[in-house]
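Enquirer: Please find one structure pasted underneath; my questions will follow.
No value in this document is a laboratory result; all are computed from the given coordinates. Computed from a prediction, not measured in an experiment: that's the story for all the values here. Heads up, the Cβs are rebuilt from the backbone with ideal geometry, glycines too, and the neighbour counts pull from every protein chain shown.
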Amino acid sequence: MQRLVNKRILLGVTGGIAAYKSADLVRRLQDTGAEVRVVMTQGASEFITPLTMQALSGYPVHTDLLDPRAEAAMGHIELARWADLVLIAPASANFLARLAHGHGNDLLATLCLATGAPIAVAPAMNQQMWADPATRKNQLILQEKGIHIFGPGDGGQACGEIGPGRMLEPLDIIHQAAEVFDYDLMTGKHVVITAGPTREPIDPVRYLTNKSSGKMGFSLAQAAAEAGARVTLIAGPVALDTPNRVKRIDVVRAEEMYQASIQAVEQGCDIFISTAAVADYRPTVTADHKIKKSTEEIHLTLIKNPDIIAAVALHEKRPFTVGFAAETQDVIEYAQGKLKNKKLDMIATNDVSGSDVGFNSDNNALTVIWPGGHKVLPLASKTQIAKQLIELIAIRQS
Ligand code: C5P
C-alpha cells in the first residue's frame, strides 16, 4: 500500500450497481496517501450522483467530454497526463468492449486512449455477461494491450444469480493497484525538509534575514517526492513554486519554523533534512510601531533562536536527521564538529566562499559526511545534487 503514497489515481466509474462501492473506494484510496480524481460515465450517474463522489474526493467530478467549463479547468488531455494510474471500478461489459476496441465516444473512453499511464479495470457484471464469448474476447484483447484486470470475484450477485462477475471489494482493488507500482528508493517514507531563510522582525516594516534562496531545499523536496516519499516542506519566505506532490507549510520566523518542525516530528517522520538558513538570533523585542530615526545610534539587542535541528535530533521520536553546513573556511572540520555536537546522522557541507555554489546559485557541490564515512558530490545543478543526496540518504537510512 505504501506504493500508493503520492500516486495520482484517476478513478473511472461506469454504470453498474457496484458503483456504490466506488464511494468507499475513493475514501480508502485517499487513506493510503493517494490523490484521487473521479470521472464518471453517464451510466454511472444513474447509480450514484457525481455530487457524492465530489464530496468524497474533494474535487469536481468530470463527466462530459465536451464541457467547456471543465475543459477550461482541467481538460481531458491534462487529466490523462495527470494520472499515474487510470483505475476503472466498476468496469461494465459495455465499457470493457469500448476499451478493447479503442472507442473515444465519451470522456472516460477518450481519457483511456489519451493516457500514457497504466490502466486497470475491475469488471462488474452479471455472471452470464462475463461468460459471454464477446466479453471473453474483449478480456483477451485488454490483456494483450497490457491493461490490468482486477477480478472479478465470484459469488452471489445483485441480480440474484451466483457466479463470477462481482466487483472485487475496495481493499482488494487497492492491494492490486499498489502492485502496479514498483518500490522506489523512498516509498513509504515521510520526509520533512526545512528550506529558505527566516525573517526576524525588528518593527512592523523591518527585519533581519539572510541570502538563502531556498533552492536547495525545494530541489530536495522534489527529488524526495520523485523517489516515492511523502514530503512536507517547511519554507521560510522564498519566491519559489511548490514542487509537485509536496505539502508546503509557510513560516516566517525561526520560532515558527521550530514549532512546525517539532510538530511534524511528533506526528511521525522518517527523515528530517534541514537546509534552512535559520537566523541564529532575533531581536529581543519587536517594536509595535515603526522605529523613528531620531537618534544617531540605535542599539538592537538580539537573543539566540532555538536550534531546530539539534532539537529534532534530541527528540524521542527522532528521525534520521540530516543537516547542512555552509562555510567559508575549514569547511570539513566545522561540518564534522556540527555533526557531532548536534548529534546528526549526516551533514552536507559546502564552501560558500565562491559565488558559483551555495546561496542563491543554481549549482552546488557538497561533501556529505556521516559518522565513519564521507562522499563528495561534485559541482552540478541543485536538481542533480538533490537527486544524489536523496539517494545517499535513502541508502544510509535503511
Ligand atoms: O550551526 P549552523 O547554523 O551552522 O548549522 C547548520 C545546520 O543547522 C543547518 O542544517 C541548519 O538548517 C540548522 N540550524 C537549525 N536551527 C538553527 C540554526 C541552524 O536547524 N537555529
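Enquirer: For the range 200-209, give me the residue count where each residue is among the hydrophobic types (A, V, I, L, M, F, W, C) and assigned to a loop (DSSP other than H, G, I, E, B).
Expert: Number satisfying all stated conditions: 1.
Enquirer: Considering only the range 81-169, give the helices (runs of 4 or more DSSP H) lying wholly within it that have at least 2 residues that are touching a strand residue (DSSP E or B) at 6+ places or on another chain (Cβ under 9 Å) and of a type in the set (A, V, I, L, M). Please lay out each step first, then the result.
Expert: Details: elements: 93-100, 107-114, 127-131, 133-144.
The qualifying helices (runs of 4 or more DSSP H) are 93-100, 107-114, 127-131.
Enquirer: For the range 167-205, enumerate the residues that are over 30 Å from Ile393 (Cα atoms) and out of contact with any Asp or Glu (no Cβ under 7 Å at 6 or more places or on another chain).
Expert: Met167, Leu168, Glu169, Leu171, Asp172, Ile173, Glu200, Pro201, Ile202, Asp203, Pro204, Val205
Enquirer: Would a scan of the range 96-111 turn up a residue that is in contact with a Pro (Cβ under 9 Å, 6 or more places away or on another chain) and buried (at least 20 other Cβ atoms within 10 Å of the Cβ)? Quick ask: steps written out before the conclusion?
Expert: As a first pass, look at the range 96-111 and keep what is in contact with a Pro (Cβ under 9 Å, 6 or more places away or on another chain): 96.
Subset that is buried (at least 20 other Cβ atoms within 10 Å of the Cβ): 96.
Yes, the range 96-111 contains at least one residue that is in contact with a Pro (Cβ under 9 Å, 6 or more places away or on another chain) and buried (at least 20 other Cβ atoms within 10 Å of the Cβ).
Enquirer: Kindly check whether there is at least one residue in the range 210-226 that is more than 22 Å from Asn244 (Cα to Cα) and outside any loop (DSSP other than H, G, I, E, B).
Expert: no
Enquirer: Now, a different point. Do you know which residues across the range 159-174 are exposed (fewer than 14 other Cβ atoms within 10 Å of the Cβ) and touching a residue at least 24 places away in the same chain (Cβ under 8 Å)?
Expert: Cys159, Glu161, Ile162, Leu171
Enquirer: Now for a different question. Can you find a residue in the range 243-251 that is within 13 Å of the ligand (Cβ to nearest atom) and either over 22 Å from Lys338 (Cβ atoms) or within 26 Å of the chain's Cα centre (by Cα) (or both)?
Expert: Yes: the range 243-251 contains one or more residues that are within 13 Å of the ligand (Cβ to nearest atom) and either over 22 Å from Lys338 (Cβ atoms) or within 26 Å of the chain's Cα centre (by Cα) (or both).
Enquirer: Of the residues that sit in the range 222-242 and are farther than 22 Å from Val368 by Cβ and not polar (S, T, N, Q), which one is nearest to the ligand (Cβ to nearest atom)?
Expert: Gly236
Enquirer: Ok, one more. Could you run through the range 360-393 and say how many residues are closer than 18 Å to Ala225 by Cα and of a type in the set (Lys, Arg)?
Expert: So the count comes out to 2.
Enquirer: In addition: Taking the criterion of being more than 19 Å from Arg166 (Cα to Cα), buried (at least 19 other Cβ atoms within 10 Å of the Cβ) and among the acidic types (Asp, Glu), would at least one residue in the range 14-33 satisfy it?
Expert: no
Enquirer: Sticking with this one: Regarding Asn210, is this residue surrounded by fewer than 19 Cβ atoms within 10 Å (Cβ to Cβ), polar (S, T, N, Q), in contact (Cβ under 8 Å) with a residue 12 or more places away in the chain and within 30 Å of Gly12 (Cα to Cα)?
Expert: Answer is no for this residue.
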